[in-house]
Amino acid sequence: MRGTPLALAALLASTAALAAPPAKETVKTPPPAASPPPAAAQAVACTPPAAPPASARPQKPALPEKPACLDAKDGCPGWEAYSYNDAIKAYNAQAQAFRPIAEAYLQKLNAYVKASADYAQCEVNAMQK
């Protein structure tokens with residue numbers, strides 16, 4: 001899991017270097033050594049993001065099994081057709097309830113992806129200091 005953010009960091013660093021305008025060569029004089037900066041300012045703490053737990057992933061409702069007589073030339077007897085139709089209506093209701101739950105989980109995953117990119121950028125910045 002740690003290799004993916006680091007690969008992202010390398011990719012982000014290389015594209016940032018390509019997108020930056022060429023730097024002008026200037027001679028900088030070092031600042032006077034009055035007092036060293038505090039240790040807390042030197043060490044940047046990059047905290048890796050936590051992925052949403054796999055147990056929180058919602059399960060899509062199962063499609064009802066299609067009766068064999070549905071594809072037959074003569075069709076299904078009335079009771080079997082009605083039973084299948086009722087099962088499909090129940091499935092549609094479950095699918096309708098599933099959608100907002102799935103969208104909420106997707107938002108958590110997208111937040112994790114963004115946090116991973118931020119973490120990778122933090123690591124790149126920490127290496128460059």
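The values are calculated or read from the model by the stated rules, or taken from the named source; none is laboratory data. Values in this document were obtained by computation on a predicted structure and should not be read as measured data. Neighbour counts are summed over all protein chains in view; Cβ atoms, including those assigned to glycine, are modelled from backbone coordinates with ideal geometry.
Taking the residues in the stretch 97-129 that are of a type in the set (S, T, N, Q) and farther than 26 Å from Lys60 by Cβ as candidates, determine which candidate is farthest from the chain's Cα centre (by Cα). In this case the residue turns out to be Gln128.
For (1) of a type in the set (Phe, Trp, Tyr); (2) surrounded by 11 or more Cβ atoms within 10 Å (Cβ to Cβ); (3) modelled with pLDDT of 90 or more; (4) in contact with a Ser or Thr (Cβ under 8 Å, 6 or more places away or on another chain), each residue gets a yes or a no:
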| residue | (1), (2), (3), (4) |
| --- | --- |
| Pro21 | no, no, no, no |
| Lys24 | no, no, no, no |
| Ala41 | no, no, no, no |
| Cys76 | no, yes, no, no |
| Glu80 | no, yes, no, no |
| Ala95 | no, yes, yes, no |
| Ala102 | no, yes, yes, no |
| Tyr105 | yes, yes, yes, no |
| Ala117 | no, yes, yes, no |
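The set of residues in the stretch 63-74 that are in a helix (DSSP H, G or I) and either among the polar types (S, T, N, Q) or surrounded by 14 or more Cβ atoms within 10 Å (Cβ to Cβ) (or both) contains only Cys69. Sub-8 Å Cβ pairs linking a first residue in the stretch 75-86 that is closer than 10 Å to Pro64 by Cα to a second residue that is not polar (S, T, N, Q), at least 6 apart or interchain, are Tyr84/Pro64; Tyr84/Lys66; Tyr84/Pro67; Tyr84/Leu70; Tyr84/Cys76, ordered by first then second residue.
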